[in-house]
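Quick notes on the structure that follows.
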Amino acid sequence: MNDNFSQSRLFILMLIVCQLLTVYCARQAVPGQSFPNIKSQSEKKELKTFLDSGTEKKLETRGTKPDEIISTARKYIGVPHCMGGTTMKCMDCSGLLFTVFREYGIALPHNSEEQARYGKIIPEINDLKKGDLVFFIRTYNTNRFITHSGIYIGDSKFIHTSTSKGVTVTSLYDPWWNGKFVFGKRVFD
């Protein structure tokens, strides 16, 4: 009976250690210091709430290649900005992603914050690959955490819809955009 009691205690102890390691490793997968543009306590809380509410969903890319997405997105360069737009007449930032991915039968929502729920988080600009989605905060006044989206095209540049220039290509190191970059999301394997 003493052996069974000791084995049960050992099993329970191992179970507790495994659960603690799981929680620790999950927290380390996206450490707070990896998000240099998250500065205030309220933004840290918003990031945590966003991450806790579901991210890293799988996006079925249907064999589409990042270069195909980028090439299609480039066809929209110069299209003017309008909130809610998804056509050659006008489009917004999430509308660009929605429209380009839809051309390949890939279902992305028409909302930057919801688009940011798909793919593996890439916190650092230097780790981005062509075709990664890029997300930004504080680009306009809203109660949403994620306020802008685009597609990384390589060479530290992304294609997106700017309110002033319409669909355009911009450097991620542009001071205004760089200060608002929060993370990329890898949706292609």
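The values are calculated or read from the model by the stated rules, or taken from the named source; none is laboratory data. Everything numeric here is computed off the predicted structure, so don't read it as measured data. In this analysis, Cβ positions are derived from the backbone assuming ideal geometry, glycine residues included, and neighbour counts consider all displayed protein chains. Just the protein is used for accessible areas: all its heavy atoms, side chains included, with ligands, DNA and RNA removed. Shrake-Rupley method; radii C 1.70, N 1.55, O 1.52, S 1.80 Å.
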Original post:
Given labels modelled 7 Å from the Cα in the Cβ direction, how far is it in nm from Arg144 to Ser40?
Top reply: 1.9 nm
Subject >> Mean Cβ count within 10 Å, highest first, over the residues of peptides 39-47, 150-158 >> reply: 150-158, 39-47
**OP:** Give, to the nearest whole percent, the P(r) tail of segment 141-180 beyond 11 angstrom, counting all Cα pairs.
**Re:** 66 percent
Original post:
Can you list residues whose amide H is under 5 Å from Phe183's amide H, if they're 5+ apart or on another chain and H is modeled 1.01 Å from N?
Top reply: Phe135
Subject >> Surface accessible to a 1.4 Å probe, Asp67 within the full protein complex, Å² >> reply: 90 Å²
Subject >> Stokes-Einstein translational diffusion, segment 60-112 - Kirkwood Rh over all Cα pairs, 0.692 mPa s, 37 °C, in µm²/s >> reply: 295 µm²/s
Subject >> In segment 56-102, GluC sites (Glu not before Pro) in a DSSP loop with at most 13 other beta-carbon atoms within 10 Å >> reply: Glu60
Original post:
Quick one: with all protein chains in place, what share of the accessible area of segment 33-189 is carbon or sulfur, to the nearest percent (1.4 Å probe)?
Top reply: 49 percent
Subject >> Label-reachable residues, segment 32-63, where backbone N falls under 20 Å from a point 7 Å from Ala107's Cα toward its Cβ >> reply: 54-63
Subject >> Cubic angstrom per residue, convex hull over Cα atoms of segment 119-169 >> reply: 84 Å³
Subject >> Additional length obtainable on full extension of the chain from Lys130 to Lys65, 0.36 nm per residue less Cα span >> reply: 22.4 nm
**OP:** Quick one: give the max-minus-min coordinate of the C-alpha atoms of segment 75-189 along each principal axis, largest first, in Å.
**Re:** 34, 31, 30
Subject >> Estimated inter-spin distance, Lys75 and Met88, nm [label 7 Å along Cα→Cβ] >> reply: 0.9 nm
